[in-house]
Structures are given as structure tokens and as C-alpha cells.
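One structure below.
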Amino acid sequence: MPYTFEIYKDKKEEFRVRFIASNGEKMFGSEGYSSKVAAKNAIKSILKNGPAAAVVDNTKAAKKAKKSA
């Protein structure tokens, strides 16, 4: 099975998006959206903007802050 985006409804009847790996692992999930169109737009945005997105690693900054506290 290839990587997929899955749109589903949660307990509050909001539309959510999951990104699922080829082995079936759920890699991430979205916030709730009031419409399916909004959920589909979130997928389009991820596909368009994701490849160029920067990776911000906040774990290093958190470790330094704890040491100086």
C-alpha cells in the first residue's frame, strides 16, 4: 500500500486528516475542520508547501534553557 492521506470524522463530527505510511503506521494527524473541503485544502497545502518547509528542531533550545535555569 502506498503512502496515503485519509479523511475521517472524529467524535465531534469534525473532519480530520491522517497521513499513513505504506506499512499502515499513522505518521501524523491534523486538527479538526468543519468541512471536508477544508480538510482537502489542508492536504493540498501540505503537498504544495511541505517539500520546501524548513525543519525547526526546538529540542536543542529546550535542553540549553534547562541547563541555564
- How do Tyr33, Tyr3 rank by accessible surface area computed with a 1.4 Å probe, from largest to smallest? Tyr3, Tyr33
- Task: For Rg/Rh (Cα atoms, Kirkwood Rh), several values are listed as (1) 1.13; (2) 0.99; (3) 1.10; flag the one computed from this structure.
- Result: (1)
- Message: Can you tell me the orientation of helix 59-68 relative to the chain, as the angle in degrees between its alpha-carbon axis and the longest Cα principal axis, to the nearest 10?
- Response: 30 degrees
- Message: If I compute solvent accessible area with a 1.4 Å probe over the protein chains, what percent of it on the chain is carbon and sulfur?
- Response: 55 percent
- Once both labels are modelled 7 Å past Cα along the beta-carbon direction, what's the Ile7-Ser22 spacing in nm? 2.6 nm
- Item | In nm, spacing of pseudo-spin labels at Ala54 and Ala38 (7 Å Cα→C-beta vector) | 2.8 nm
- Note on the structure: Once Asp57, Asp10 are ranked on solvent-accessible area with the largest value leading and a 1.4 Å probe, the list reads Asp57, Asp10
- Message: If you fit an axis through the alpha-carbon atoms of helix 36-49 and take the longest principal axis of the Cα set of the chain, what angle between them do you get, 0 to 90°, nearest 10?
- Response: 50 degrees
- Where the chain is the region considered: accessible area per residue in Å², 1.4 Å probe: 83 Å²
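The values are calculated or read from the model by the stated rules, or taken from the named source; none is laboratory data. What you are looking at is a predicted structure, and each value in this text was computed from that prediction instead of being measured. In this analysis, Cβ positions are derived from the backbone assuming ideal geometry, glycine residues included, and neighbour counts consider all displayed protein chains. The protein model used for the area step is the full one, side chains on, heavy atoms only, and it has no ligands, DNA or RNA in it. Shrake-Rupley method; radii C 1.70, N 1.55, O 1.52, S 1.80 Å.
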